[in-house]
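The values are calculated or read from the model by the stated rules, or taken from the named source; none is laboratory data. Only a predicted model underlies this, so the values are computations on that prediction, with no experimental measurement involved. When we count neighbours, we look across all protein chains shown, and the Cβ atoms used for this are built from the backbone with ideal geometry, even at glycine. Areas reflect the complete protein model, heavy atoms only, side chains present, ligands, DNA and RNA absent. Shrake-Rupley method; radii C 1.70, N 1.55, O 1.52, S 1.80 Å.
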Amino acid sequence: MSLEHRHSPSDGPVNLVRQLELTDREYQTIAEFVHKASGINLLDGKKELVRARLIKRINQLEFRDFKSYFRFVTTDASGDELVFLLDALATNLTSFFREPQHFEFMSKTFLPELEKRRRRPGGGGPRLRIWSAACSSGEEPYTIAMVVMEKNHYFASGGDFRILATDLSTKVLNIAKKGQYGPESVKSINPTTLKSFMVKTPTERGHAIYAIVPQIRNLISFRRFNLMDPLPYKGPMDLIFCRNVMIYFDRETIGRLIEKFYKILEVGGYLFIGHSESLSGLSHDFQYVAPCIYRKVAK
Ligand SMILES: C[S@@+](CC[C@H](N)C(=O)[O-])C[C@H]1O[C@@H](n2cnc3c(N)ncnc32)[C@H](O)[C@@H]1O
């Protein structure tokens with residue numbers, strides 16, 4: 001361990017920042033443990049990332065080195081430190097209307113199809129269930145809700161529509177539940193949609209906070225769920241969004257995961273995956289529809 005001396009900008013008291021060494025062996029052990037716990041693969045050259053993201057926590061808890069911190073994580077019976085560790089290592093980047101082709105597909109193809117498919121002779125509207133399976137700080141499920149409410153009168157006027165939004169990280173789920181975003185985050189929402197579904201409140205510092213309206217917020221149940229675990233949800237789901245998370249998983253893990261998705265999807269339902277992810281080379285029963293869009297068809 002070395003101590004690096006840093007002066008504060010005001011040239012006030014000297015801060016001591018401990019620069020801990022992460023050995024290859026410790027890195028390997030942490031990476032294998034994280035892979036088993038979450039499916040996240042940190043093994044390919046992510047040593048610096050692991051070190052940088054954990055060092056603050058180790059210093060905060062005043063552990064001597066990575067080894068003793070790791071021992072603490074693996075013996076902490078509450079499981080809280082494991083949650084913290086996975087929170088620190090997961091990449092949570094997301095945005096409203098990210099990969100817009102999925103939302104266009106929803107409004108132009110999926111929603112009209114759903115109406116036809118479920119139109120019953122004696123009346124009664126369709127039921128819609130959507131799962132955002134790695135929802136991060138909420139931009140994805142809120143976007144889904146906005147698209148449905150904007151395009152479909154039946155659901156906008158109280159039709160049976162719910163979104164389940166899950167993530168491994170409690171940190172991002174807390175942001176999602178709050179449903180408040182800064183001006184930078186809402187730039188990708190068109191002005192009409194923004195006006196319909198978010199309330200702008202000026203802050204004391206002259207900035208603004210945009211809050212999701214209750215009409216949208218109340219459609220979504222946010223839950224912590226690890227995609228490695230057996231599904232506690234029965235479904236059936238009409239749509240599953242699992243975007244930009246499988247990229248961190250190995251092929252075997254992805255194979256197991258899409259099998260679970262297939263089971264819980266309604267026949268005719270769709271699975272959306274991220275733009276740099278693919279199911280090619282995996283054995284599955286989905287029908288390929290378009291890049292990053294797969295469908296469960298009747299057998
Ligand atoms: C890059 S974000 C993607 C967010 C959103 N789906 C999108 O495309 O914008 C990846 C999310 O996956 C979550 N994640 C990683 N491993 C997970 C696991 N095993 N189970 C559930 N969520 C996981 C992370 O916490 C993170 O919030």
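Largest GNM mean-square fluctuation across Ile55, Ile273, Ile163, computed for the chain with C-alpha springs under 10 Å, falls on Ile55.
Here is the tail figure for the stretch 255-299: Cα pairs spaced more than 13 Å apart come to 50 percent of all pairs.
Spin-label pair Arg224-Ala298: with each label point 7 Å from Cα along the Cα-Cβ axis, the two points sit 4.3 nm from one another. Extension gain for the segment Lys263 to Thr29, taken as residue separation times 0.36 nm less the Cα-Cα distance, is 80.9 nm to one decimal. Quick check: the distance between the Cα centres of the stretch 57-126 and the stretch 160-230, to the nearest angstrom? Distance between centres, Cα-based: 13 Å. Pull up the DSSP beta bridges for the chain and report the antiparallel fraction as a percent, rounded to 5. Beta bridges within the chain, antiparallel portion: roughly 50 percent. P(r) tail, the stretch 200-294: Cα-Cα pairs separated by more than 23 Å, 39% of all pairs. By the helix-only formula, in which each DSSP H run with n ≥ 4 contributes -39500 (n - 2.57) and the sum is divided by residues, the chain has a 222 nm mean residue ellipticity of -11000 deg cm²/dmol.
Using Cβ point charges alone (K and R +1, D and E -1), the dipole size of the chain about the Cα centre works out to roughly 1040 debye. Each residue of the stretch 275-285 is assigned a 3J(HN,Hα), and the resulting list reads 5, 9, 10, 8, 9, 5, x, 9, 8, 7, 9 Hz, derived from the Karplus form 6.51 cos²θ - 1.76 cosθ + 1.60 (θ = phi - 60°), x at Gly and Pro.
Here the gap between Glu252 and Lys177, fully extended at 0.36 nm per residue and compared with their Cα-Cα distance, gives a gain of 23.8 nm. Working from the Cα coordinates of the stretch 61-119, the gyration tensor eigenvalues give, after taking √(5λ), semi-axes of 47, 15, 6 Å in decreasing order.
The mean of 1/r over all pairs of different alpha-carbon atoms in the stretch 39-178, once inverted, gives a Kirkwood hydrodynamic radius of 18.1 Å. Give, as ranges by residue number, the residues of the stretch 248-274 whose backbone N falls under 18 Å from the point 7 Å along Cα→Cβ of Arg127. Of the residues in the stretch 248-274, 263-270 have backbone N under 18 Å from the label point off Arg127.
Couplings for the stretch 190-196, taken from phi via the Karplus curve 6.51 cos²θ - 1.76 cosθ + 1.60 with θ = phi - 60°, read 5, x, 5, 5, 4, 5, 6 Hz in order; Gly and Pro are left as x. When the chain is treated as a GNM with alpha-carbon contacts under 10 Å, the residue of Pro141, Pro236, Pro183 showing the greatest mean-square fluctuation is Pro183.
In terms of its Cα atoms, the chain spans 74, 52, 33 Å along the principal axes, sorted from long to short.
Each of Thr91, Val213, Gly159 was placed along the dipole of the chain (beta-carbon charges, centred on the mean Cα), and the one lying farthest toward the positive end is Gly159.
The 1.4 Å probe gives accessible areas that order Tyr210, Tyr154, largest first, as Tyr154, Tyr210.
Per-residue extension of 0.36 nm, minus the Cα-Cα distance of Ser196 and Leu93, leaves a gain of 34.6 nm for this segment. For the chain, modelled as a GNM whose springs connect Cα atoms under 10 angstrom apart, the maximal fluctuation among Arg53, Arg25, Arg217 occurs at Arg25. Ranking Thr75, Thr109 by solvent-accessible area of protein heavy atoms (1.4 Å probe, all protein chains present), from largest to smallest, gives Thr75, Thr109.
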